[in-house]
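Asker: Here you go, one structure.
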Ligand code: G3I
Ligand code: 9MR
Ligand code: ZN
């Protein structure tokens, strides 16, 4: 079999296909003329069987062929499906990945004007009851459904928003594409229109004292029905410090990003961020969240809120330039947590990125000593990011299907790890200009889009052999055969927890193949807002890397 990026390749990209059969030569044929336009030698990779995939593999490298067109690869008797080489190869993928957020909107109807055939009624708009005070009724409507389930969770939301907003901060020109959503053409980029839908809900999750509810959801997950039929009562679950700190961080970040477009909204976000910061100061000890007994919706457990507080301090420092935030962030920086992680329970990377990118101190009147301390911290952060990116390059070079993953990295949502490493590599490129980082970042996308052991494209509606049955209630219950395009599946997980995954995957399945495209497999094939978001970051970066 020939494993390759089923969307295709940018003209000047490194282009490696992986073969699992022996052949001496490979050929690239022009799809229209049938002519061979390129011939190369098949190279063996590694010695014997690769542990992560269980395969013996060969590489076919056609990087020096750069002409745009449609092609088929052939090695021996085996042919690939057709694919393109084109500068615009990632454009539609970027749009669909971003439009997935519109399809996750809660608390409104999706109409055919923007949703086409994937319409549904207004959902989850009844008042929510705080668990600690049943007499209160709150309007917590809006935002995005988290995933295949209908819960709305603050730490997950903050993570998705952070990936999306940082993509906009770093390469805004690639995120101005219209998305055909209800707010389109209002003068604000659609990415920000879509994120505002989530932020507007997020603001409702804050209590008057600044504490933020960890989540709003029903008591149990709904059955596999459309969202408007999920009418079970909604609850505002307990306040947690990870949720409160993430809230402070992401509203502070958003305040900066939205300021040029809407001063009033930016001010509202800033005040909300400061209120949550006060709550954190008044509650220096961690308030962790665990599901109350009997309740079964997502938990998003996190037993260390230091990295969330670090992120909040960093964003508030970037927003206000006030030294008190720097004091907190620099003291938290010295604590033991990852400074490059970009996930829902580990947010140190967002904090580090905020501080690194925002030399607010240059504008403020700080004593020399402070300035030195800040420069020192920025340098440390740069070193950490580059060390993480270098580690990704090492992992990638050892991988039979080139991807920055070790054998042990295939957990629930492994495709997020792949895409987050893509982000670290892009940061490596942006910080240094060294193209080796960009090259390996693109390999992460090649993996997601088909150059993996299953020859599978993990994004719905794209590629020639791709995800058809994600664990997602709307996609299951809408009665439409083709899934909504643009959803990233969680991907291989060597510790499957769902029934089908546990029983149908043979024991000793190699990590990279521990996957089933089955509706029931929530630990292998669910979708979430924070698995799509790093894929948006990476795809949007490459959409526009080779200018037309
Ligand atoms: O990272 C550790 C690793 O260090 C450890 O060795 C290994 C041992 O099993 O576990 C790894 O952690 C796993 C973690 O995902 C990695 O991301 C946990 O086992 C695994 O249980 C955990 O799964 C999480 C899952 O909820 C169950 O709590 C997923 O990350 C998380 O994305 C998922 O989130 C759900 C929401 O609860 C509800 N909505 C859908 C969403 C996606 O499935
Ligand atoms: O659909 C739920 C999915 O979003 C969650 O990630 C997963 C783990 O919390 O749970 C899924 O719901 C299942 C529940 O946990 C157990 N009964 C079957 C539910 C649907 O398959
Ligand atoms: Zn809803």
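Asker: Pick from 180, 132: which is touching a helix residue (DSSP H, G or I) at 6+ places or on another chain (Cβ under 8 Å) and either buried (at least 23 other Cβ atoms within 10 Å of the Cβ) or touching a residue at least 24 places away in the same chain (Cβ under 8 Å) (or both)?
Answerer: On the way: 132 fails: touching a helix residue (DSSP H, G or I) at 6+ places or on another chain (Cβ under 8 Å).
Only one candidate qualifies: 180.
Asker: Do the conditions hold for residue 342, that is, is it away from ligand 2 (no atom under 16 Å from the Cβ), modelled with pLDDT of 95 or more and either touching a helix residue (DSSP H, G or I) at 6+ places or on another chain (Cβ under 8 Å) or under 22 Å from residue 431 (Cα atoms) (or both)?
Answerer: It is true that residue 342 is away from ligand 2 (no atom under 16 Å from the Cβ), modelled with pLDDT of 95 or more and either touching a helix residue (DSSP H, G or I) at 6+ places or on another chain (Cβ under 8 Å) or under 22 Å from residue 431 (Cα atoms) (or both).
Asker: Still on this structure, please answer the following. Report, by residue number, each residue of region 396-416 that is in a helix (DSSP H, G or I) and closer than 27 Å to residue 44 by Cα.
Answerer: Hits for region 396-416 are 396, 397, 398, 407, 408, 409, 414, 415.
Asker: Would you say residue 209 is over 30 Å from residue 546 (Cβ atoms) and within 16 Å of ligand 1 (Cβ to nearest atom)?
Answerer: no
Asker: Just checking, does region 228-237 include any residue being under 28 Å from residue 469 (Cα atoms), surrounded by 17 or more Cβ atoms within 10 Å (Cβ to Cβ) and within 20 Å of the chain's Cα centre (by Cα)? First the steps, then the outcome.
Answerer: Residues of region 228-237 under 28 Å from residue 469 (Cα atoms): 228-232, 234.
Filter once more, so that each one left must be surrounded by 17 or more Cβ atoms within 10 Å (Cβ to Cβ): 230, 234.
Of the ones still in play, those that are also within 20 Å of the chain's Cα centre (by Cα) are none.
For region 228-237, residues under 28 Å from residue 469 (Cα atoms), surrounded by 17 or more Cβ atoms within 10 Å (Cβ to Cβ) and within 20 Å of the chain's Cα centre (by Cα): absent.
Asker: Condition first: surrounded by fewer than 24 Cβ atoms within 10 Å (Cβ to Cβ) and touching a residue at least 60 places away in the same chain (Cβ under 8 Å). Now tell me which residues in region 415-430 satisfy that.
Answerer: Correct list: 430 only.
Asker: Out of the residues in region 499-523 that are closer than 27 Å to residue 50 by Cα, free of Cβ contacts under 8 Å to residues at least 40 places away in the same chain and within 12 Å of ligand 2 (Cβ to nearest atom), which is farthest from the chain's Cα centre (by Cα)?
Answerer: Per the stated criteria, the residue is 500.
Asker: Looking only at region 119-138, how many residues end up being away from ligand 3 (no atom under 11 Å from the Cβ), assigned to a loop (DSSP other than H, G, I, E, B) and in contact with a strand residue (DSSP E or B) (Cβ under 8 Å, 6 or more places away or on another chain)?
Answerer: 5
Asker: I would also like to ask the following. In region 479-515, how many residues are part of a helix (DSSP H, G or I) and under 15 Å from residue 412 (Cα atoms)?
Answerer: Residues flagged as part of a helix (DSSP H, G or I) and under 15 Å from residue 412 (Cα atoms) within region 479-515 amount to 7.
Asker: Give the residues of region 274-300 that are within 16 Å of ligand 2 (Cβ to nearest atom) and exposed (fewer than 14 other Cβ atoms within 10 Å of the Cβ), sorted by residue number.
Answerer: Passing the criteria: 290, 292, 293, 294, 296.
Asker: In region 516-548, what count of residues is obtained for those that are closer than 30 Å to residue 165 by Cβ and either within 16 Å of ligand 1 (Cβ to nearest atom) or modelled with pLDDT of 95 or more (or both)? Can you show your working first?
Answerer: First, the residues of region 516-548 that are closer than 30 Å to residue 165 by Cβ: 522-548.
Imposing the further condition that a residue be either within 16 Å of ligand 1 (Cβ to nearest atom) or modelled with pLDDT of 95 or more (or both) reduces the set to 522-543.
Looking only at that region, the number is 22.
Asker: Sort out which residues of region 370-383 are surrounded by fewer than 19 Cβ atoms within 10 Å (Cβ to Cβ) and either farther than 20 Å from residue 320 by Cα or under 21 Å from the mean Cα position of the chain (by Cα) (or both), and write them in order of number.
Answerer: Across region 370-383, the qualifying residues are 376, 379, 380, 382, 383.
Asker: Is it the case that some residue within region 149-163 is part of a helix (DSSP H, G or I), under 26 Å from residue 266 (Cβ atoms) and free of Cβ contacts under 8 Å to residues at least 24 places away in the same chain? First the steps, then the outcome.
Answerer: Keep residues of region 149-163 that are part of a helix (DSSP H, G or I), which gives 154-163.
If we keep only those that are under 26 Å from residue 266 (Cβ atoms) as well, we get 154-163.
Now restrict to residues that are free of Cβ contacts under 8 Å to residues at least 24 places away in the same chain: none.
The answer is no; no qualifying residue exists.
Asker: Looking at (1) within 16 Å of ligand 2 (Cβ to nearest atom); (2) in a helix (DSSP H, G or I); (3) under 19 Å from residue 243 (Cβ atoms), which one does residue 199 not meet, given that it meets all the others?
Answerer: For residue 199, the failing item is (1).
Asker: Among the residues in region 100-107, are any in contact (Cβ under 8 Å) with a residue 12 or more places away in the chain and out of contact with any helix residue (DSSP H, G or I) (no Cβ under 8 Å at 6 or more places or on another chain)?
Answerer: No, region 100-107 contains no residue that is in contact (Cβ under 8 Å) with a residue 12 or more places away in the chain and out of contact with any helix residue (DSSP H, G or I) (no Cβ under 8 Å at 6 or more places or on another chain).
Asker: Still on this structure: I'd like the full set of residues that are buried (at least 18 other Cβ atoms within 10 Å of the Cβ) and part of a helix (DSSP H, G or I), limited to region 98-113.
Answerer: Passing the criteria: 98, 99, 100, 101, 102, 103.
Asker: Oh, and also: Where in region 294-392 are the helices (runs of 4 or more DSSP H), entirely inside, with at least 2 residues that are away from ligand 1 (no atom under 16 Å from the Cβ) and farther than 24 Å from residue 240 by Cβ?
Answerer: So the answer is 323-333, 348-357.
Asker: Six or more apart or on different chains, Cβ under 6 Å: which pairs go from a residue in region 467-484 that's more than 13 Å from residue 525 (Cα to Cα) to one that's modelled with pLDDT under 95 and assigned to a loop (DSSP other than H, G, I, E, B)? Could you list them?
Answerer: none
Asker: Taking interchain pairs and intrachain pairs at least six residues apart, which have beta carbon atoms under 7 angstrom, with the first residue in region 113-126 and at positive phi and the second outside any loop (DSSP other than H, G, I, E, B) and near ligand 3 (Cβ under 8 Å from one of its atoms)?
Answerer: 124/227
Each row is one residue, and each column tells you yes or no for (1) crowded, with 18+ Cβ neighbours inside 10 Å; (2) in contact (Cβ under 8 Å) with a residue 24 or more places away in the chain; (3) farther than 27 Å from residue 438 by Cβ; (4) touching a helix residue (DSSP H, G or I) at 6+ places or on another chain (Cβ under 9 Å).
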| site | (1), (2), (3), (4) |
| --- | --- |
| 11 | no, yes, no, no |
| 16 | yes, yes, no, yes |
| 30 | no, yes, yes, no |
| 42 | yes, yes, no, no |
| 68 | no, yes, no, no |
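Asker: Regarding residue 175, is this residue surrounded by fewer than 23 Cβ atoms within 10 Å (Cβ to Cβ), farther than 22 Å from residue 413 by Cα, away from ligand 3 (no atom under 16 Å from the Cβ) and touching a residue at least 12 places away in the same chain (Cβ under 8 Å)? Steps first, answer last, please.
Answerer: Details: surrounded by fewer than 23 Cβ atoms within 10 Å (Cβ to Cβ): no; farther than 22 Å from residue 413 by Cα: yes; away from ligand 3 (no atom under 16 Å from the Cβ): yes; touching a residue at least 12 places away in the same chain (Cβ under 8 Å): yes.
Criteria not met by residue 175.
Asker: Out of all the residues in region 460-484, which are more than 16 Å from ligand 1 (Cβ to nearest atom) and either surrounded by 20 or more Cβ atoms within 10 Å (Cβ to Cβ) or closer than 17 Å to residue 8 by Cα (or both)?
Answerer: We begin by selecting, within region 460-484, every residue more than 16 Å from ligand 1 (Cβ to nearest atom); these are 461-466, 468, 477-484.
Scanning region 460-484 gives 461, 462, 463, 464, 465, 466, 483, 484.
The values are calculated or read from the model by the stated rules, or taken from the named source; none is laboratory data. Note that this is a predicted model, so its numbers are computed, not measured. Virtual Cβ from ideal backbone geometry, glycine too; neighbours counted across all protein chains shown.
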